[in-house]
Amino acid sequence: MTNIFEYAPAPESRAIVDIKPSYGLFINGEFVDGHGTSFKTINPATEEVLAEVAEASDADVDEAVRAARRAYTRVWSRMSGAERAKYLYRIARIIQERGRELAVLESIDNGKPIKESRDVDIPVVAAHFFYYAGWADKLEHSGYGSTPLGVAGQVIPWNFPLLMLAWKIAPALACGNTVVLKPAETTPLTALLFAEICQQADLPPGVVNIVTGAGDTGRAIVAHPDVDKVAFTGSTEVGKAIARAVAGTEKKVTLELGGKAANIVFDDAPLDQAIEGIVNGIFFNQGHVCCAGSRLLVQESVADEVMTRLKRRMSTLRVGDPLDKNTDVGAINSAEQLAKIRELSQIGEDEGAERWSTPCDLPSKGFWFEPTVFTGVSQAHRIAREEIFGPVLSVLTFRTPSEAVEKANNTPFGLSAGVWTDKGSRILSMANKLRAGVVWANTFNKFDPTSPFGGYKESGYGREGGRHGLEAYLKGADA
Ligand code: NAD
């Protein structure tokens with residue numbers, strides 16, 4: 001779609017991906033049919049049915065957990081860390097080699113722009129495997145001991161399908177655990193391609209098992225008595241249900257849940273960079289980002305200027321075909337998510353906030369939402385409190401640093417925050433006062449495998465990434 005500039009389309013070819021008409025479950029190193037029904041996965045940019053995917057039943061989950069237990073007891077937990085590392089390095093290198101294929105498939109199944117899947121998701125996926133491969137033979141220096149937990153049951157969402165898989169599988173395997181992972185029901189395809197990569201890497205059967213399905217399959221993994229650790233990324237509502245389900249059991253749990261991050265712009269900030277950071281903070285991945293900078297807190301003295309520049313910049317965002325290399329904002333992942341974004345945006349209007357959307361034509365097929373900003377938002381508004389999980393920004397103003405801190409922290413969530421200012425001392429004092437797991441200074445949405453990521457309050461508990469990410473998969477220093 002074009003806005004104020006005209007470009008010739010530059011679509012990436014999809015010939016590199018081989019999408020099969022149907023997929024089974026990946027259990028014990030093989031693709032099997034499963035005993036349940038099946039569901040369709042579609043391309044959210046065109047509504048084209050991509051494949052029929054098996055829906056794992058309780059019996060299938062049980063089979064996967066048993067395969068993971070066997071592989072844990074007989075092979076993986078007995079292998080030296082240095083040997084496990086070789087497999088992780090091999091997987092990382094295959095991910096790099098097949099990077100273009102993975103990126104195209106991710107954009108087709110998820111709707112995200114190819115420039116993001118190609119330049120962000122897939123490189124960071126490979127980086128996670130490389131990083132944790134490096135830990136596998138050094139666990140005694142981690143501070144968390146070197147004894148694995150056993151079988152990890154892992155459930156992930158649709159916004160970064162392969163990246164969330166990497167965040168879960170790489171540390172689990174490095175520490176000597178085996179896994180049963182369920183991708184989200186709208187984005188199963190790259191996880192199934194990852195299963196093929198496990199075969200290509202000669203990973204011992206049962207070390208990684210991928211079971212596809214929806215909430216019931218996730219519930220069966222969480223409830224399975226032989227799962228030692230549950231790792232979940234997804235909504236706060238489901239996270240709370242999982243916390244209830246495992247309460248009173250021996251299972252270890254980490255929960256990475258929702259967010260409503262404040263992106264705070266002071267009047268001494270370099271405004272051109274801040275505008276880029278605001279745009280990246282909320283429109284990256286269509287705003288389907290748990291740590292998205294969905295609340296802009298801007299100092300009153302520069303609010304008008306920031307809004308003028310922001311709208312001008314938003315008008316240049318190209319919304320459309322995810323496979324076009326010029327696309328900035330792709331498709332919304334599902335009809336359900338689009339309905340949720342529309343509903344909350346309507347509530348924003350009804351609450352009296354002023355809505356402005358970029359002037360762009362949206363494709364007639366598929367799920368789309370134009371980049372949108374709400375001004376005149378107060379802290380009591382639902383669009384300031386609830387996660388919209390779409391390309392919608394709520395703007396609030398502040399006068400003093402303490403007012404910025406108070407407004408930023410006035411949320412049930414605490415995953416991330418951004419601070420834009422010229423003063424290093426202000427960055428430090430803000431970072432100390434903001435109740436958020438990650439605070440970015442003069443940048444936003446930067447991810448690195450060496451850096452821990454996780455939340456406060458209703459954004460969950462536990463950390464993924466970095467040395468801290470090992471804690472979730474080890475028994476502890478004195479085990
Ligand atoms: P969701 O909670 O609906 O689904 C997440 C996963 O859980 C899916 O695989 C789903 O099939 C499964 N599931 C659903 N019900 C279940 C149940 N009762 N038991 C077990 N599994 C169940 O979330 P979503 O809509 O797919 O993802 C969006 C949410 O994820 C947002 O709230 C976002 O903030 C959050 N998220 C958080 C992080 C983080 O690191 N904190 C990262 C990405 C996304």
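The values are calculated or read from the model by the stated rules, or taken from the named source; none is laboratory data. Note that the structure is a prediction, hence the values are computed from the model and not measured. With ideal geometry, Cβ positions are generated from the backbone for all residues, glycine too; neighbour counts draw on all protein chains shown. Protein only, heavy atoms only, side chains kept; ligands, DNA and RNA dropped before computing areas. Shrake-Rupley method; radii C 1.70, N 1.55, O 1.52, S 1.80 Å.
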Subject >> For residue 59: the one exception among (1) more than 20 Å from residue 177 (Cβ to Cβ); (2) more than 23 Å from the chain's Cα centre (by Cα); (3) of a type in the set (A, V, I, L, M, F, W, C); (4) not in a helix (DSSP H, G or I) >> reply: (4)
Original post:
Among the listed residues 218, 281, 248, which satisfies the condition of being modelled with pLDDT under 95, over 20 Å from residue 406 (Cα atoms) and out of contact with any Pro (no Cβ under 7 Å at 6 or more places or on another chain)?
Top reply: 248
Subject >> Yes/no for residue 179 being within 12 Å of the ligand (Cβ to nearest atom) and either open to solvent by 10 Å² or more (accessible area, probe 1.4 Å) or within 21 Å of the chain's Cα centre (by Cα) (or both) >> reply: no
**OP:** Just one of (1) surrounded by fewer than 24 Cβ atoms within 10 Å (Cβ to Cβ); (2) not in a helix (DSSP H, G or I) trips up residue 152, so point out which.
**Re:** (1)
Original post:
Pick from the stretch 188-219 the residues that are among the acidic types (Asp, Glu) and away from the ligand (no atom under 16 Å from the Cβ): which of them is nearest to the chain's Cα centre (by Cα)?
Top reply: 196
Subject >> Count of the stretch 220-238 residues which are more than 14 Å from residue 179 (Cβ to Cβ), more than 7 Å from the ligand (Cβ to nearest atom) and touching a residue at least 60 places away in the same chain (Cβ under 8 Å) >> reply: 1
Subject >> Residues being surrounded by fewer than 22 Cβ atoms within 10 Å (Cβ to Cβ) and of a type in the set (A, V, I, L, M, F, W, C) - total across the stretch 361-380 >> reply: 2
Subject >> Unmet requirement for residue 391, which otherwise passes all of (1) open to solvent by less than 20 Å² (accessible area, probe 1.4 Å); (2) closer than 15 Å to residue 459 by Cβ >> reply: (2)
Original post:
Mind checking which residues of the stretch 421-458 are out of contact with any Pro (no Cβ under 6 Å at 6 or more places or on another chain) and acidic (Asp, Glu)?
Top reply: 422, 448
Original post:
among the acidic types (Asp, Glu) and outside any loop (DSSP other than H, G, I, E, B): does that describe residue 406?
Top reply: yes
Original post:
Is at least one residue of the stretch 387-401 out of contact with any Pro (no Cβ under 6 Å at 6 or more places or on another chain) and assigned to a helix (DSSP H, G or I)?
Top reply: yes
Original post:
Identify, please: which residue in the stretch 82-95 is in contact with a helix residue (DSSP H, G or I) (Cβ under 6 Å, 6 or more places away or on another chain) and of a type outside the set (Phe, Trp, Tyr) and is, among those, farthest from residue 169 (Cα to Cα)?
Top reply: 94
Original post:
Can you name every residue in the stretch 77-122 that is small (Gly, Ala, Ser) and in contact with a strand residue (DSSP E or B) (Cβ under 7 Å, 6 or more places away or on another chain)?
Top reply: 77
**OP:** Considering every residue within the stretch 416-435, establish whether at least one is of a type in the set (Ser, Thr, Tyr) and within 13 Å of the ligand (Cβ to nearest atom).
**Re:** yes
Original post:
Within the stretch 155-169, is even one residue at pLDDT 95 or above, surrounded by 24 or more Cβ atoms within 10 Å (Cβ to Cβ) and in a strand (DSSP E or B)?
Top reply: yes
**OP:** Check 62, 33 and return the single one that is without any contact (Cβ under 8 Å) to a residue 40 or more places away in the chain and outside the structural domain of residue 333 (by TED's automatic domain parsing).
**Re:** 33
**OP:** Identify, by number, the condition in (1) under 18 Å from residue 15 (Cα atoms); (2) outside any helix (DSSP H, G or I); (3) under 22 Å from the mean Cα position of the chain (by Cα) that residue 51 doesn't meet.
**Re:** (3)
Subject >> Subset of the stretch 116-143 [among the basic types (Lys, Arg) and surrounded by fewer than 19 Cβ atoms within 10 Å (Cβ to Cβ)] >> reply: 138
**OP:** Mind listing whichever residues of the stretch 228-260 are charged (D, E, K, R) and within 13 Å of residue 454 (Cβ to Cβ)?
**Re:** 256
Original post:
Of the residues in the stretch 433-463, how many are assigned to a strand (DSSP E or B) and buried (at least 23 other Cβ atoms within 10 Å of the Cβ)?
Top reply: 2
Subject >> Filter result for residue 74 (farther than 18 Å from residue 191 by Cβ, touching a strand residue (DSSP E or B) at 6+ places or on another chain (Cβ under 9 Å), modelled with pLDDT of 95 or more and open to solvent by 30 Å² or more (accessible area, probe 1.4 Å)) >> reply: no
